1. Residue pairs, Cβ under 7 Å, 6 or more apart or interchain, first in the stretch 31-44 and farther than 14 Å from Arg79 by Cα, second loosely packed, with under 13 Cβ neighbours inside 10 Å and among the acidic types (Asp, Glu). List them.
2. Being touching a Gly at 6+ places or on another chain (Cβ under 8 Å) and among the charged types (D, E, K, R) is true for just one of Glu69, Glu96, Glu78. Which residue is that?
3. Within the stretch 19-75, can you find the residues that are in contact with a strand residue (DSSP E or B) (Cβ under 7 Å, 6 or more places away or on another chain) and either of a type in the set (A, V, I, L, M) or part of a loop (DSSP other than H, G, I, E, B) (or both)?
4. Can you tell me how many residues in the stretch 61-91 are touching a residue at least 40 places away in the same chain (Cβ under 8 Å), within 14 Å of the chain's Cα centre (by Cα) and either more than 16 Å from Ala38 (Cβ to Cβ) or surrounded by fewer than 18 Cβ atoms within 10 Å (Cβ to Cβ) (or both)?
5. Of the residues that sit in the stretch 28-62 and are at pLDDT 80 or above and among the β-branched types (Val, Ile, Thr), which one is nearest to Arg100 (Cα to Cα)?
Amino acid sequence: MNTDNIFWGEAAIVSSQVEPSDWVLHARCRDSADILFADNAKQREARQVCRECPVWAECLAEALDNRIEWGVWGGMTERERRRLLRKHSDVRSWRELIRRHQQATAGAHATSGSGAR
Ligand code: SF4
């Protein structure tokens with residue numbers, strides 16, 4: 001499956017150093033989680049918080065793998081996640097899929113030299 005259109009491009013190079021159980025500690029919304037369960041208009045605001053979150057991938061995987069139906073998780077609204085789950089109903093582990101996507105994206109950046117400083 002080509003995951004380029006599923007996940008955010010640049011933001012995919014994230015938290016490979018974060019232990020699975022520790023990701024919540026790094027959540028950008030840790031002190032303002034209420035915004036993530038707001039209604040439609042506020043959800044746009046919430047997504048902005050997620051875009052700069054270092055653990056968005058872990059967060060999104062958690063919501064997708066556990067079929068969490070409420071709120072913004074990993075920058076996706078419940079509606080977007082439902083659509084994604086319907087479209088890719090064959091995915092057994094979103095955590096694994098996202099991890100592979102991150103590795104592929106990081107590899108592509110390393111090959112192109114854009115990740116080197
Ligand atoms: S991606 Fe968004 S909802 Fe998930 S931990 Fe980060 S800020 Fe919170």
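The values are calculated or read from the model by the stated rules, or taken from the named source; none is laboratory data. No experiment lies behind these values; they were computed from the predicted model shown. Here the Cβ positions follow ideal geometry from the backbone for every residue, glycine too, while neighbour counts run over all protein chains shown.
1. Between residues of the stretch 31-44 that are farther than 14 Å from Arg79 by Cα and residues that are loosely packed, with under 13 Cβ neighbours inside 10 Å and among the acidic types (Asp, Glu), the close pairs are Ile35/Glu45.
2. Answer to the check: Glu78.
3. The answer is Leu60, Ala63.
4. So the answer is 1.
5. Once the filter is applied, the top-ranked residue is Val55.
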